[in-house]
Amino acid sequence: MSKASRWCLTMAALLGAALIAGCVAGPAGPFGPQDPAGFFAGLWHGFIAWITFILSLFTSVQMYAVDNTGAGYNLGFLIGMACWLGGGGSGSWHYKKKSRREKEWDEVAMKVEAKIKRDMRAWAEAGDADDWPEVERKVEQKLKAKIKEWADS
């Protein structure tokens with residue numbers, strides 16, 4: 001990295017820090033008893049809460065605007081914080097991406113199941129059709145259980 005690009009990167013970081021610091025909550029902020037912070041201010045303060053927390057360790061910056069509209073500000077702050085925390089519980093639920101082999105086996109299982117159903121339907125139509133819905137339901141349950149048992153082993 002050249003000296004000029006390092007200087008530009010440092011200036012951009014300092015400018016960004018100054019812009020963020022200018023938007024923090026607290027007694028020195030633009031909000032007061034006559035003009036309390038609302039939903040969008042809460043949203044912004046929640047979004048920059050981690051930055052303002054670090055700043056609050058070394059300065060008198062506050063994370064939360066004391067003069068606020070109440071529920072609207074709190075909701076905005078909560079949504080802003082959720083942006084950092086992963087939103088709707090993404091930490092508790094992880095999607096397991098299926099491998100190509102697992103996808104192929106799922107496809108094979110669906111094709112086998114469809115073929116068996118077709119053959120059984122043809123068999124049932126040739127025989128006593130009144131009992132078929134119950135037979136189909138029972139066989140389908142048993143078939144799915146056996147295929148799942150076989151696939152899990």
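The values are calculated or read from the model by the stated rules, or taken from the named source; none is laboratory data. Note that this is a predicted model, so its numbers are computed, not measured. Cβ placement follows ideal geometry from the backbone for every residue including glycine, while neighbour counts extend to all protein chains displayed.
One table, with the values for the structure above:
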quantity: Selection from the range 33-89 of residues that are loosely packed, with under 12 Cβ neighbours inside 10 Å, at pLDDT 85 or above and among the polar types (S, T, N, Q); calculated: none
quantity: Residues being at pLDDT 80 or above and of a type in the set (Lys, Arg) - total across the range 90-101; calculated: 2
quantity: Where a residue in the range 51-78 is touching a residue at least 40 places away in the same chain (Cβ under 8 Å) and assigned by TED's automatic domain parsing to the domain that holds Gly16 and its partner, wherever it lies, is surrounded by fewer than 16 Cβ atoms within 10 Å (Cβ to Cβ) and in a helix (DSSP H, G or I), with Cβ under 8 Å and at least six apart; calculated: Val61/Ala21
quantity: Test set (1) over 30 Å from Glu140 (Cα atoms); (2) at pLDDT 85 or above - Leu14 fails condition number; calculated: (2)
quantity: Test: residue in the range 102-113 that is modelled with pLDDT of 80 or more and either surrounded by 15 or more Cβ atoms within 10 Å (Cβ to Cβ) or closer than 12 Å to His45 by Cα (or both); calculated: yes
